[in-house]
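A.B. asks: Input: one structure, supplied below.
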Amino acid sequence: MSSGIDNLMSLLKSLGVNQSAIVAVEDVQFNEDFRKQCEQNLCGSYNKNRMCPPAVGSIEELKLKALKFKLGLLFQTVYQLEDSFDYEGMQEGIEKHTKILRQVIDNIKKTEVFTEFLPLNVGPCTFCSRCAFLDSQECRSPEEAISSVEAYGIDVMALEKSCGMSYNNGKDTISCISLILFNQD
């Protein structure tokens with residue numbers, strides 16, 4: 001690995017990331033069934049967020065976009081919940097995880113460790129307090145907008161398993177993942 005990637009891995013540890021790995025994009029499994037989970041609207045963002053289905057594009061379009069990259073930086077954070085119904089705790093965990101992703105993206109931009117990259121996160125894009133999609137407008141912050149791993153139809157469980165990462169991290173926890181696809185010179 002390059003020193004830039006080594007530095008990113010050190011940054012992830014310092015930010016409290018529980019597990020991380022570098023993955024080959026050619027090994028990422030795509031499955032339309034994961035997009036169907038989005039269509040069930042469990043998170044409430046289906047057809048309400050520019051970076052979520054259906055506005056973000058078809059699985060085939062997103063798969064082609066993802067396959068332009070060679071590698072991915074996968075990382076996971078784990079947060080304790082009061083119980084399995086602790087929705088507020090889940091949202092807090094996702095928010096904390098997203099802040100870590102934003103710090104990593106800022107570091108990538110500052111250090112220019114990757115020539116190009118595509119960050120994917122857990123859940124819908126939350127950069128703006130109100131998505132412009134709801135007002136039939138173009139994205140106000142396209143450079144900051146982030147889609148979810150699920151919207152891309154990526155099989156998270158298979159991806160984590162292929163890296164030796166655990167998907168389930170114990171009773172009353174939430175595990176959040178991000179995947180930053182990238183190319184290097």
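A.B. asks: Tabulate in residue order the Karplus-calculated ³J(HN,Hα) for the stretch 143-156, using 6.51 cos²θ - 1.76 cosθ + 1.60 with θ = phi - 60°, rounded to whole Hz; enter x for Gly and Pro.
C.D. replies: Using θ = phi - 60°, the values come out as 6, 10, 5, 9, 8, 9, 4, 5, 4, 7, x, 7, 7, 5 Hz.
A.B. asks: How large is the charge dipole for the stretch 1-102, taken about the Cα centre, if only the Cβ atoms of Lys, Arg (+1) and Asp, Glu (-1) carry charge, to the nearest 20 debye?
C.D. replies: Computed about the Cα centre, the dipole is about 540 debye.
A.B. asks: For q values of 0.17, 0.19 Å⁻¹, compute log₁₀ I(q)/I(0) with the Debye formula on a Cα-only model of the chain, without solvent.
C.D. replies: -1.19, -1.50
A.B. asks: Now for a different question. So what are the radius of gyration and Dmax for the Cα set of the stretch 93-176, in Å?
C.D. replies: Rg, Dmax (Cα atoms, Å): 14.8, 43.
A.B. asks: Can you show me the helix-derived [θ] at 222 nm for the chain, built from DSSP H runs with n ≥ 4 at -39,500 (n - 2.57) apiece and divided by the number of residues, rounded to the nearest 500. All intermediate terms of the calculation are to be shown ahead of the outcome.
C.D. replies: On the way: 5 runs with 60 residues, N = 185.
Using -39500 (n - 2.57) per qualifying helix, the result is -10000 deg cm²/dmol.
Quick note: the coordinates plus some simple rules give every number you see, no bench work behind them. None of these values were measured; they are calculated from a predicted model. Every residue, glycine among them, receives a Cβ derived from its backbone with ideal geometry; neighbour counts consider all protein chains shown.
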